Amino acid sequence: MSSNRNVSRRQFLKTTTAAAGLMAAPMFIPASAFGANERILTGHIGVGGMGRGNLGKFLDKAVAVCDVDSKHAQAAAKTVLDKKNREVEIYGDYRKVLDRKDIDAVVVSTPDHWHALTTIHACEAGKDVYCEKPLSLTINEGRKMVEAARSNKRIVQTGSMQRSAANFRHACELVRNGYIGKVHTVHVGLANTNDPGKLPADSDAPSNLDYDFWLGPAKVRPYNEKRVHYNFRFWWDYSGGQMTNWGAHHIDIAHWGLGKDDSGPLSVEATEVKFHPEMAHEVPEACRITYDYGDGVKMIVGQGQKDIQMGTRFIGDKGEIYVNRGVFKASDEGLQSLKLKDSDIRLIESNNHHQNFLDCMASRELPICDVEVGHRTATACHLGNISCRLGRKIAWDPVSEKISGDAEAAEMTHRAHRAPYVLG
């Protein structure tokens, strides 16, 4: 790791700007500047788990990999070498990636608590961004990510890749065009949270992991193998459990079908919430959360609920549609093969989420799961978690993006960042 990482954001941006010469020039890059998108070069920040999966989609374009776990970084570099017979640069500090003038875009696959800083800094350094879902750790972070993308004219794709699958798109188009009548209820099913067993004792971090940098903006806490890498998602400091893990996929589809990509619920109420009896992880193991959108539509998110299965189920007054990965079921069997009329609403068509990002880098059109879309979906997830944690109903204004009448709940829409890893 770089010994000079403890610099302020202002200092960081100043040095990055000087190195890259980017901020003095317009951030909008016309499509003609790229030509064919095979000329785009990518850097990859976070290359364990989903990071390795995302790297596999950009192997022809990847020129740098970065991870605070040196084993992850080395394994990712080896993947490129083995599959493409070429070497890539390895970094432990993402800012080194952003300093490179030749890199056009970064793919952010870090734990959730790092999404905001890396994405915002990348936008300010003139890079387009593919950021894994959920977009943010808090509602405030998500809005700042949108602002950074817009003010710097960056393309930011959220990794809610179900939008780029034909069965999800078809389901949402049928719903939008009234083929199941007026929708009054949507069921969203989350995966179960597996019992991790007894939480082991804290220990020293392994030598291959820069644990302080892994913590980054999160508060200092002793290392525990059950809180890092994949397990990060079950601790509030780093993620939001299956709500932000699978909810970021299935709520995203619910919003797409309902036309709520730029809006949100008016109230959120969690019931039947259960936590691990010994707190081997912090997030809920079961819940039933009702979202009221104020237009006669309610979305019920369920984890561990017998009547709500994994995926998204739209229920209308003339029928229903259930969709999940590789699954499409409708009360009217003919809906699966139905051809839309010329006059019907059509949604953005993408059959490859990563290619859609590259195409939009060239065209400068908003991608299928733009940063604003990812922020609104993540907001619904965060509101659900806030209600679960407090055990009461939350009133939300999707226009001002504020919780009303509950100061404690409102405080949970943002979180202090540990210096020097702070948002401006």
Review point. Within segment 229-254, which residues are farther than 25 Å from Asp69 by Cβ and not acidic (Asp, Glu)?
Key: Met243, Gly247, His249, His250, Ile251, Ile253, Ala254
Study note, to complete from the structure: Expected output for segment 189-211 (first residue over 22 Å from Tyr223 (Cβ atoms), partner among the basic types (Lys, Arg), Cβ below 6 Å, 6+ apart or cross-chain) is none
Exercise for review: Taking the options Ile90, Ile103, name whichever one is under 12 Å from Gly43 (Cβ atoms) and crowded, with 21+ Cβ neighbours inside 10 Å.
Suggested key: Ile103
Check your understanding: Of the residues that sit in segment 367-411 and are within 16 Å of the chain's Cα centre (by Cα) and part of a loop (DSSP other than H, G, I, E, B), which one is surrounded by the fewest Cβ atoms within 10 Å (Cβ to Cβ)?
Key -> Ile368
Review point. Does segment 68-104 hold any residues that are within 21 Å of Leu358 (Cβ to Cβ) and in contact with a Phe, Trp or Tyr (Cβ under 7 Å, 6 or more places away or on another chain), and which are they?
Key: Val97
Point to revise | Restricting segment 306-315 to residues that are part of a loop (DSSP other than H, G, I, E, B) and under 23 Å from Ser239 (Cβ atoms), the residue that is least open to solvent (accessible area, probe 1.4 Å) | key: Ile308
Exercise for review: Quick one: in segment 222-278, of everything that is of a type outside the set (D, E, K, R) and without any contact (Cβ under 8 Å) to a residue 12 or more places away in the chain, which residue is most open to solvent (accessible area, probe 1.4 Å)?
Suggested key: Pro277
Point to revise | From Thr118, Thr110, residue being of a type in the set (Ser, Thr, Tyr), more than 19 Å from Pro206 (Cβ to Cβ) and buried (at least 18 other Cβ atoms within 10 Å of the Cβ) | key: Thr118
Revision key, fill the gap. How many residues of segment 323-344 are assigned to a loop (DSSP other than H, G, I, E, B) and either of a type in the set (D, E, K, R) or surrounded by 12 or more Cβ atoms within 10 Å (Cβ to Cβ) (or both)? The answer is 10
Review point. For segment 288-311, does any single residue satisfy the condition of being without any contact (Cβ under 8 Å) to a residue 24 or more places away in the chain and touching a strand residue (DSSP E or B) at 6+ places or on another chain (Cβ under 8 Å)?
Key: yes
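The values are calculated or read from the model by the stated rules, or taken from the named source; none is laboratory data. Keep in mind it's a predicted model, so treat the numbers as computed, not measured. Positions of Cβ are backbone-derived with ideal geometry, glycine not excepted, and every protein chain shown enters the neighbour counts. In case anyone asks, the SASA skips ligands and DNA or RNA and just uses the protein heavy atoms, side chains included. Shrake-Rupley method; radii C 1.70, N 1.55, O 1.52, S 1.80 Å.
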